[in-house]
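The values are calculated or read from the model by the stated rules, or taken from the named source; none is laboratory data. Please read these numbers as outputs of a predicted model, since none were measured by experiment. Using ideal geometry, Cβ is built from the backbone for each residue, glycine included, and neighbour counts are taken over all protein chains shown. SASA here: full protein model, heavy atoms, side chains in, ligands and nucleic acids out. Shrake-Rupley method; radii C 1.70, N 1.55, O 1.52, S 1.80 Å.
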Amino acid sequence: MRALWKDTVLANGPTVTVEGNEYFPMDAVSQEHLRPSDHTTACPWKGEAGYFDVVVDGEVNPNAAWIYRDPKPAASEIAGHVAFWKGVEVTD
């Protein structure tokens, strides 16, 4: 699987699919395009998600990636994995 934004590959590698979202292991993600955000959300069964802004050539897509660093046991398979949205194209 690949994640692309502004013709830039943000992630490339195997994923885990949960609720229709593809979660990339952190070592498959181009971390130079991620900037930590203060935004968080909570899911009743996955836990708390932290967010990243996606940055490509100075353009910022705020909170366009998220991660469950310490998910609840039911979502343990996505611990440390990153998913994308907000215009980031994820394809195989």
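A few points about this structure:
- In region 16-34, the residues that are polar (S, T, N, Q), without any contact (Cβ under 8 Å) to a residue 40 or more places away in the chain and under 14 Å from ILE67 (Cβ atoms): GLN31
- Picking from residues in region 1-14 that are open to solvent by 30 Å² or more (accessible area, probe 1.4 Å) and without any contact (Cβ under 8 Å) to a residue 40 or more places away in the chain, the one that is farthest from GLY58 (Cα to Cα) is PRO14.
- In region 15-40, the residues that are crowded, with 16+ Cβ neighbours inside 10 Å and within 18 Å of VAL60 (Cβ to Cβ): VAL29, HIS33, LEU34, SER37
- Pair list, Cβ < 6 Å and 6+ apart or interchain, from region 41-64 residues that are open to solvent by 70 Å² or more (accessible area, probe 1.4 Å) to residues that are hydroxyl-bearing (Ser, Thr, Tyr): GLU48/THR40
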